[in-house]
Amino acid sequence: MGVSNTDSDKTQEEEQQDLPKVVLLRPPPAFSLIGEESFASNKFQFLKTYDSQLPLDQFLSTHSHSIKAILSSAGAPVNADILQLLPEVGLVVTTSAGLNHVDIPECRRRGIKIANAGHVYSDDVADLAVGLLIDVLRKVSASDRYVRQGLWADKGNYPHGSKLGGKRTGIVGLGNIGYEVAKRLEAFGCVVSYNSRKKKPYVSYPFYHNVCELAANCDALIICCGLSDETRHMINKPVLSALGKEGFIVNIGRGDIIDEKEMVSCLMRGEIAGAGLDVFENEPNVRKEFFAMDNVVLSPHRAVFTPESLKDLSQLVVGNLEAFLSNKPLLSEYVDNE
Amino acid sequence: MADQEEEQDNTGDQNHKPQDLPQVLVLKPPPVLSVIGEESFLSNKYQFLKAWESPLPLHQFLTAHAGSIQAILCSGAAPVTDDLLQLLPSVRLVVTASAGTNHIDLEACHRRGISVTNAGNVFSDDGADAAVGLLIDVLRKITASDRYVRQGLWVNEGDYPLGSKLRGKRVGIVGLGGIGLEIAKRLEALGCNVLYTSRKKKTFLSYPFYSDVCQLAAHSDALIICCALTDQTRHMIDKDVFSALGKEGVIVNVGRGAIVDEKEMVRCLVHGEIAGAGLDVFENEPDVPKELFELDNVVLSPHRAVFTPESFMALCELVVGNLEAFFSNKPLLSRVMDV
């Protein structure tokens with residue numbers, strides 16, 4: 001009991017203490033990229049396990065009564081063990097579109113809602129996918145390297161790239177991002193087809209039941225799907241073989257969707273023509289073999305890294321948390337369509 | 001008579017008199033000829049007269065053949081000047097293997113009643129893809145972050161700095177010709193707002209038009225230069241334009257190096273007075289200002305925006321098509337209309 005005897009005289013600190021808590025197991029990249037202030041709210045308070053000296057389970061047990069939500073990002077899985085320690089949690093919000101680090105069935109079982117990044121990233125990821133495709137087809141980064149090494153003056157012209165127009169592009173995963181990629185590729189004169197868990201009834205692009213068949217009929221594959229048990233190493237030797245010597249691959253999904261070792265092998269043997277990669281199996285450790293390749297473009301998992309998207313993300317995260325705490329509908333609730 | 005002619009044709013090449021075919025002068029082989037190979041340009045309607053293969057001094061060579069040269073196949077490396085035309089009174093057609101015509105004295109051609117054809121729209125798609133590719137690269141720092149990864153910095157230094165979103169960017173197209181229109185189409189698909197300047201407003205388009213390039217720059221987040229090089233456009237992108245474009249502004253050039261005051265642009269880039277550049281052309285190719293090699297916010301391309309094997313094939317067909325049309329008295333395929 002303090003000196004004050006009315007609610008309005010509570011100190012700011014005391015008011016903060018009363019706020020529902022949102023626990024973070026690791027700092028989301030967005031915090032350092034655009035600043036934590038963008039995620040502040042007077043409806044909740046962040047509780048950071050990584051700022052505490054306590055072992056994780058002890059920390060969580062100590063605060064479990066006040067932790068109503070988890071703000072998660074890749075690298076800190078939300079699994080049954082964690083959820084077990086937090087019986088008051090009713091919402092998991094992630095800063096990513098992908099949810100492979102969240103135990104979705106466990107959340108469902110506990111009646112915990114899930115909200116992800118919705119569509120805030122779709123434009124930027126689609127733009128990067130197109131940028132990577134143009135780069136690898138037209139050798140943009142490779143010829144920039146050539147010029148910077150002084151070779152244009154010394155050795156003359158760098159080999160030509162290949163025209164985009166008329167290329168058959170296969171979208172693997174026609175979700176929101178895949179669809180945005182498809183629309184852009186059409187403007188560049190590419191011919192679009194796709195593979196997805198299910199055929200999309202309102203889309204006129206040719207659908208292929210399996211990704212091998214898609215690869216066999218395409219000049220370039222663009223991987224836009226999520227990582228799941230079904231998609232892990234889905235792009236394997238047969239698929240790369242079907243894609244062929246003149247084929248290209250762009251990956252803006254997750255590194256594990258591709259059998260990376262096999263892809264490196266194919267690239268080294270000239271069994272596929274090139275690759276544009278934003279994601280890798282063991283980030284930030286990119287296989288050294290890639291560094292020697294002129295026909296590969298390497299992007300350090302930054303498809304979503306624009307200040308505009310991250311600002312939109314912060315508003316979405318705060319919006320979801322505030323809506324949940326006010327018993328209002330979530331802004332970007334993840335609903336499993338299967 | 002007809003039988004005799006037929007007999008002549010049937011007895012093969014040795015009776016066919018090459019010198020009877022109209023001659024097309026080629027001073028230097030255009031890139032497309034070297035890349036695709038001369039065989040693709042062969043025709044029974046004309047023959048190439050290759051100046052570079054002759055031991056004679058050029059002036060003598062031209063005088064010797066002046067009577068039979070009816071057309072010239074040129075490119076940037078082999079300009080067509082009034083002086084050249086003066087030596088070749090039988091020339092009625094100049095074909096250039098490029099979209100640009102700044103190496104041709106168009107006024108002299110017009111005066112002499114000589115038709116000119118260029119590459120038409122064969123390069124428009126590839127030129128547009130390259131221009132937009134450079135814009136995406138500069139805004140989203142694709143090449144720069146590839147460099148970062150290859151230097152091992154992703155592991156050691158963490159995330160590469162943020163790029164900038166494309167959607168909503170105001171992109172000013174300088175020169176809304178064939179390539180410019182294709183660029184606009186692609187930019188729309190990326191959610192950009194298209195603005196432009198051109199010699200004349202295009203009444204069939206709804207993009208906002210600015211008659212002054214400085215005004216365009218002032219209202220743009222990025223400028224894409226895709227116009228021709230002429231006396232009017234030389235160094236058109238100057239200090240004032242860069243100033244109007246501003247610190248957050250980006251420039252892409254797939255036109256000609258000399259359209260931009262390169263020295264001024266380099267200065268602006270080095271001092272952070274504009275945010276970045278994607279450059280396919282330079283004032284003194286293949287020499288690129290060394291200061292640009294130090295910059296992370298610049299993407300350098302060795303003048304190949306339109307160079308894909310597919311465009312080259314299409315260009316070859318167009319060159320041959322124009323020459324054959326001319327020598328068959330048919331309408332030219334890609335006549336350059338304005339002087």
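A few points about this structure:
- Of note, residue A:264 does not satisfy the criterion of being in a strand (DSSP E or B) and modelled with pLDDT of 95 or more.
- Residue match in segment B:214-236 (condition: charged (D, E, K, R), within 20 Å of residue B:133 (Cα to Cα) and away from chain A (no Cβ under 14 Å)): no
- Identity of the residue in segment A:276-334, within 14 Å of chain B (Cβ to nearest Cβ) and of a type in the set (Lys, Arg), that ends up farthest from the chain's Cα centre (by Cα): A:288
- Some residue of segment B:254-263 being open to solvent by less than 30 Å² (accessible area, probe 1.4 Å), within 14 Å of chain A (Cβ to nearest Cβ) and touching a residue at least 40 places away in the same chain (Cβ under 8 Å): yes
- Positions within segment B:180-193 being closer than 22 Å to residue A:182 by Cα and under 22 Å from the mean Cα position of the chain (by Cα), in sequence order: B:181, B:182, B:183, B:184, B:185, B:186, B:187
- Each residue in segment B:284-315 was checked for being open to solvent by 40 Å² or more (accessible area, probe 1.4 Å), of a type outside the set (D, E, K, R), outside any loop (DSSP other than H, G, I, E, B) and more than 8 Å from every other protein chain (Cβ to nearest Cβ), and 2 pass.
- If the condition is being within 17 Å of the chain's Cα centre (by Cα) and among the small types (Gly, Ala, Ser), then segment B:286-339 contributes B:301, B:305, B:311, B:314, B:334.
- Evaluating residue A:100 against the criteria (1) surrounded by fewer than 24 Cβ atoms within 10 Å (Cβ to Cβ); (2) in a helix (DSSP H, G or I) leaves one unmet condition, (2).
- Tabulated pairs, segment A:269-283, first within 16 Å of residue B:150 (Cα to Cα), second charged (D, E, K, R), C-beta under 8 angstrom, 6+ apart or interchain: A:276/A:135; A:278/A:302; A:279/A:254; A:280/A:260; A:280/A:287
- Residue A:266 vs. criteria of a type in the set (A, V, I, L, M, F, W, C), out of contact with any Asp or Glu (no Cβ under 6 Å at 6 or more places or on another chain) and over 25 Å from residue A:175 (Cβ atoms): yes
- Among residues of segment B:194-217, those that are part of a helix (DSSP H, G or I) and in contact with a strand residue (DSSP E or B) (Cβ under 9 Å, 6 or more places away or on another chain), counted: 4
- Any hit, segment B:139-152, residues being crowded, with 21+ Cβ neighbours inside 10 Å and under 16 Å from the mean Cα position of the chain (by Cα): no
- Evaluation of residue A:218 against (1) over 20 Å from residue A:243 (Cα atoms); (2) in contact (Cβ under 8 Å) with a residue 24 or more places away in the chain; (3) away from chain B (no Cβ under 14 Å) (one fails), failing number: (1)
- Considering segment B:35-100, the qualifying strands (runs of 3 or more DSSP E), each wholly inside and each with 2 or more residues that are open to solvent by 40 Å² or more (accessible area, probe 1.4 Å) and on the phi < 0 side of the Ramachandran plot, run over B:47-50.
- For residue B:120, the stated conditions hold: it is in contact (Cβ under 8 Å) with a residue 60 or more places away in the chain and either buried (at least 19 other Cβ atoms within 10 Å of the Cβ) or part of a loop (DSSP other than H, G, I, E, B) (or both).
The values are calculated or read from the model by the stated rules, or taken from the named source; none is laboratory data. Computed from a predicted structure; not experimentally measured. Neighbour counts run over all protein chains shown; Cβ positions are idealised from the backbone, glycine included. Just the protein is used for accessible areas: all its heavy atoms, side chains included, with ligands, DNA and RNA removed. Shrake-Rupley method; radii C 1.70, N 1.55, O 1.52, S 1.80 Å.
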